[in-house]
Amino acid sequence: MKYIIVLGDGMADEPIESLGGKTPLAYAKTPAMDELSKKGEIGLVHTIPDGMKPGSDTANLSVLGYDPKIYYSGRSPLEALSIGVPMKDTDVALRCNIVTISDDDVPFEEKTIIDHSSGEIGTEDCAVLLNEVKKELENEEFKFYVGTSYRHCLIWDKGEVVELVQPHDVLEQKIGPNLPKDPVFRTMMQKSYEILKDHPINIERKKKGLNPANCCWFWGAGTKPKVSDFKEKTGKKGIMISAVDLLKGIAVGSNMAVAKVEGANGGLNTNYTGKKDAAVKALTEDGFDFAYIHVEAPDEMGHQGSVERKVKAIENIDRFIIAPLVKELKEKGEDFRMLILPDHPTPIRVRTHTADAVPYLLYDSTKEEHHTWDYNEAEAKESGNYVAKGHEMIDVLFSR
């Protein structure tokens, strides 16, 4: 028996008037998921423990079977593992987004945060920009490391875990009230803007109508993570297939393998087929028992507030990952159990994460059921199936 999780990051949502009162998941054309739902089980699972902030860090730990209340030490340290940052026990890691803030002629604190991802800027260009920041701001206490796209890492020697605002939580707001209280971080952020605002890459981006990547934004502070070995915990040899350093870092910390998929970028036009191919190869040729396919696109579209693009992201997952994955595994004679779910909702209305329960779909190729439901939030709720503790969901997947 092979086991698969297909996770559409932020895929869950709320009913939207422009979609006829449906959610993006209910509105999207998802024939593969709907067919599997009729042959399997749907329900709701609560991935965010009470009292914890909803995020891809806590939620994906939960989906992988790690209780965030035990294993979570901060988001950026998990990403640092993926990047290969050698963290000391006394280090604190922080996420360093390169974001877009308004370039109007007002004091720095009066500027507005426009885009937490700088238009999904590519890693190559963003690395050039981060290196300019490093030249000016890096010292013995603070070290910068290049990540993926707009997502980078800052290591603070002998630092402390400070409360910092997530940029995607305050889009379209003035940055002043959301800046760090620590004057050192505030100064670094302001200096980064002065360094980046007139960089040739950003001048060219603005000419093309793209958002400039013009300011560092620090958040997600945490200490060196200690995640237990996945195979020892579950008995399954697992592989992570994701474009996102956070997910790769969780895999590194838990001694899962990490697939390299060319063109996987975390955006709407990521290499969906490449991710599917990596899963098929891992499960049918390379001796893996479990594949975790993570797709960031629905979350990014939720943060952008784009209904149309979020629907498209969901349809892409169905068309280019789930449908061919099921077909190819069956053709190869593999028995498998597949769990499909979001990690958390990223509603278009708020453009950030919420802690509501998310719909899951569990399909077993050896034990097909007969139902009339489709896979979406409303019908998952109506099913009456509910898993209260997200970190126990993987036990349901592995129950056969």
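The values are calculated or read from the model by the stated rules, or taken from the named source; none is laboratory data. Predicted model only: the values in this text are computed from it and were never measured. Every residue, glycine as well, gets a Cβ built from its backbone with ideal geometry; the counts of neighbours run over all protein chains shown.
Restricting the range 1-51 to residues that are of a type in the set (Ser, Thr, Tyr) and under 16 Å from Leu325 (Cβ atoms), the residue that is surrounded by the fewest Cβ atoms within 10 Å (Cβ to Cβ) is Tyr3. Could you tell me which of the residues Ile48, Ile16 is at pLDDT 95 or above, in contact with a Lys or Arg (Cβ under 9 Å, 6 or more places away or on another chain) and assigned by TED's automatic domain parsing to the domain that holds Val295? Of Ile48, Ile16, the one residue that is at pLDDT 95 or above, in contact with a Lys or Arg (Cβ under 9 Å, 6 or more places away or on another chain) and assigned by TED's automatic domain parsing to the domain that holds Val295 is Ile16. Consider Glu109 carefully, then state whether it is assigned by TED's automatic domain parsing to the domain that holds Asp198 and of a type outside the set (A, V, I, L, M, F, W, C). Against the criterion (assigned by TED's automatic domain parsing to the domain that holds Asp198 and of a type outside the set (A, V, I, L, M, F, W, C)), Glu109 qualifies. All of Glu204, Glu160, Glu132, Glu194 fail the test of being in a loop (DSSP other than H, G, I, E, B), of a type in the set (Asp, Glu) and either surrounded by fewer than 17 Cβ atoms within 10 Å (Cβ to Cβ) or touching a residue at least 24 places away in the same chain (Cβ under 8 Å) (or both), apart from Glu160.
Looking at the structure I just gave you, is Gly249 outside any loop (DSSP other than H, G, I, E, B) and buried (at least 19 other Cβ atoms within 10 Å of the Cβ)? For Gly249, the condition - outside any loop (DSSP other than H, G, I, E, B) and buried (at least 19 other Cβ atoms within 10 Å of the Cβ) - is met. Restricting attention to the range 1-43, the residues that are part of a loop (DSSP other than H, G, I, E, B), within 30 Å of Lys237 (Cα to Cα), of a type outside the set (Lys, Arg) and more than 24 Å from the chain's Cα centre (by Cα) total 2. Answer yes or no: is there a residue in the range 89-101 that is touching a helix residue (DSSP H, G or I) at 6+ places or on another chain (Cβ under 8 Å), not assigned by TED's automatic domain parsing to the domain that holds Glu392 and not hydrophobic (A, V, I, L, M, F, W, C). Yes - at least one qualifying residue is present in the range 89-101. Across the range 221-237, the qualifying residues are those that are small (Gly, Ala, Ser) and closer than 14 Å to Gly249 by Cα, and the one among them that is surrounded by the most Cβ atoms within 10 Å (Cβ to Cβ) is Gly222.
With respect to Leu210, determine if the residue is closer than 30 Å to Thr58 by Cβ and either at pLDDT 95 or above or part of a helix (DSSP H, G or I) (or both). Quick ask: steps written out before the conclusion?
Numbers: closer than 30 Å to Thr58 by Cβ: no; either at pLDDT 95 or above or part of a helix (DSSP H, G or I) (or both): yes.
The answer is no for Leu210.
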